[in-house]
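Here's the structure, in structure tokens; my notes come after.
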Amino acid sequence: MAETTTYLSLCSDLKKGRLAPVYILHGEEGYYIDDLVSRFEAVIAEDDRDFDLSMLYAPDFDSPAAIVADARQLPLMSPRRVVIVKEMQTHGANFANALAPYVASPNQAGVLVLCFRGEKYSGAELTKAMKACGGVIFESKKLNGANIDNVLSGFIKEKGLTVDPKALAMLAEFVGTDLSRLYKEVDKLTVVLGPGAMITPEAVERNIGISKDYNHFEFVSAIANRDVARTMRIFETFRRDPKDHAPQMLAPLIFNLFANLMVAFYAPDKSDRGLMGELGFKWSSQLKDVTAAMRHYGPWQTIEILNLIRRFDGASKGNGSRQDAYALFFDLIVHILNPLGQKAVKL
């Protein structure tokens, strides 16, 4: 059957020379596909690429016949011949399915790479043929807030580095979901720090320019510790640069803190290990803000704060309010730091 794989696994296989006869690279995130194409090119030695590497563009063909003919050729100078077909997404499922007979019985001395950049591929017959030949399918998914830490830490590990949890959070905050930028910044740190080094908050601040004291990570930490002076210092820094510190981006981070706090309050096992299990945390340092907040807020205060954040979210989008987003956000932060937490309070 066709094998689905991850980016790191596929990179590892290519590095070790473990090659399948056919690959499908598809999905919304173009960065991974572009990077993997360059890695497939590197399978053929540079001096042999004129003979055994073929780069084709699907829009240049009305039918796959010429692609199949190219893929059927035997290598001249290398153990394998690599044929890469870009922009397959410009054709519909019929074009992809027309490749199925070749894919079901491919040239075993060749590697055919079909790239559907920016889209998921479709074609039931092609999928069935991929299963028959033991082909490999990689879906390049868009990065989001839920998986950015895993992707970032995986890339750092691949580069032979380790990372402090706070430094990881700083990088994730700074880079966001821009994969190209993410890899560029980690590459920079790899060169500067050298093999086997740990990426620390100080290294991030020194080499990338993110302040270890004035970032989203520290802002949430200041709120967790109910440190009014520190919270307001960071708030004023953010207010002067609303483009990179939009309230609508900060509010979900605060919401996550208090949502985790609610789970912690009602966890049956409040030991560090128990809380990490309940919250799905990987590192004990991730508990720092939650355990701090448990000392400074109560359950009813937390319920009130969660409702206040939901109310802010609606108002900041123009629902029932025309106030500036930062004016609304200032009111929210003041209320968070001074919650009543009474059952009778109407929210």
Average Cα contact separation per residue, the range 129-286, under 8 Å, 6 or more apart, as relative contact order %: 17
Distance between modelled label sites at Glu236 and Asp34, nm, 7 Å Cα→Cβ extension: 4.2
Gained length - Glu202 relative to Gln73, 0.36 nm times residue gap less alpha-carbon distance: 41.0 nm
Carbon + sulfur, % of accessible area of the range 174-239 - ligands and nucleic acids excluded, 1.4 Å: 53
Residue-normalised accessible area of the chain, expressed per residue, 1.4 Å probe, Å²: 50
The range 108-185 versus the range 35-82: alpha-carbon centroid distance in Å: 23
Helix axis angle, 325-337 relative to the chain longest principal axis, alpha carbon, degrees: 60
Long-range amide H partners of Ile137 with built H, under 5 Å: Glu3, Thr4, Thr5, Ile24
Dipole of the range 62-148, positive direction: furthest Cα of Tyr102, Val136, Ser122, with charges on the beta-carbon: Val136
Karplus (6.51, -1.76, 1.60) ³J(HN,Hα), θ = phi - 60°, over the range 80-95, in Hz, Gly and Pro reported as x: 9, 10, 10, 10, 10, 10, 8, 6, 5, 5, 6, 10, x, 5, 4, 5
The range 29-120 shape via C-alpha gyration tensor axes, a/c threshold 1.5: oblate
Pairwise FRET efficiency - Thr162 versus Asn256, Cβ, R0 = 25 Å, nearest 0.05: 0.50
Contour minus Cα-Cα distance for Ser63 and Ala42 (0.36 nm per residue): 4.8 nm
Relative contact order computed over the range 48-186 (Cα-Cα under 8 Å; 6+ residues apart), in percent: 19
Cα-based Rg and Dmax for the chain, where Dmax is the largest Cα-Cα distance (Å): 25.7, 81
Sequence of Met77, Met294 from largest to smallest accessible area, 1.4 Å probe: Met77, Met294
Sulfur and carbon atoms: percent of accessible area, the range 9-69 [1.4 Å]: 45
Relative contact order (%) - the chain, alpha-carbon pairs under 8 angstrom, separation at least six: 15
Modelled FRET efficiency - R0 41 Å, Asp50 with Lys128, Cβ distances, 0.05 increments: 0.70
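The values are calculated or read from the model by the stated rules, or taken from the named source; none is laboratory data. This one's a predicted model, so the numbers in the text were calculated from it and none came from an experiment. Note that we place each Cβ from the backbone using ideal geometry, even for glycine, and neighbour counts take in every protein chain shown. Each accessible area value is taken on the protein alone, full model and side chains, heavy atoms only, with ligands, DNA and RNA left out. Shrake-Rupley method; radii C 1.70, N 1.55, O 1.52, S 1.80 Å.
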